[in-house]
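Note sheet for the following structure.
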Amino acid sequence: MDTTLPPPSSRSSTHALRPVPRAAAVPEPLPASQLLVLAASGHSQALDCPAGGELRILQGRVWISREGHAEDLFLDSGEMLRLQEAARLHLSAELAAPAWVRLAPE
């Protein structure tokens, strides 16, 4: 707790110390988005995504495979995927170039 004391010369035994009013409670910050850099190595990276999460391709072309789904997706720079339900994705950079991907919570 932050308290302000009067200067020593102005203190007396009858002077009450008053705490400085507390600032309003600071709300918990929202979970931060994750930034992934996918190397051009051809290896995939697993990513657990929350329901309502948004996967946005910032740079490059990305192959996306969703566990439990037969079809794969390819997204290019500027495109995004919004997940209706939580999912485990497998991501890989395409075209022998690295890719940058951002996952933001709902």
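Please treat every number below as a calculation from the coordinates, not as lab data. Source: prediction; values computed, not measured. Cβ sites come from the backbone with ideal geometry, for glycine too, and all protein chains shown count toward neighbours.
Before moving on, here are some points about what is shown:
- Our coupling estimate for the range 46-63, obtained by passing each phi through the Karplus curve with A = 6.51, B = -1.76, C = 1.60 and θ = phi - 60°, is 7, 9, 8, 10, x, 4, x, x, 10, 9, 10, 8, 8, 7, x, 10, 10, 8 Hz, Gly and Pro reported as x.
- Calculated FRET efficiency for the pair His43/Arg82, C-beta based, R₀ 35 Å, to 0.05: 0.85
- For the range 78-83, Karplus couplings with θ = phi - 60° (6.51, -1.76, 1.60), whole Hz, Gly/Pro x: x, 8, 9, 10, 9, 9
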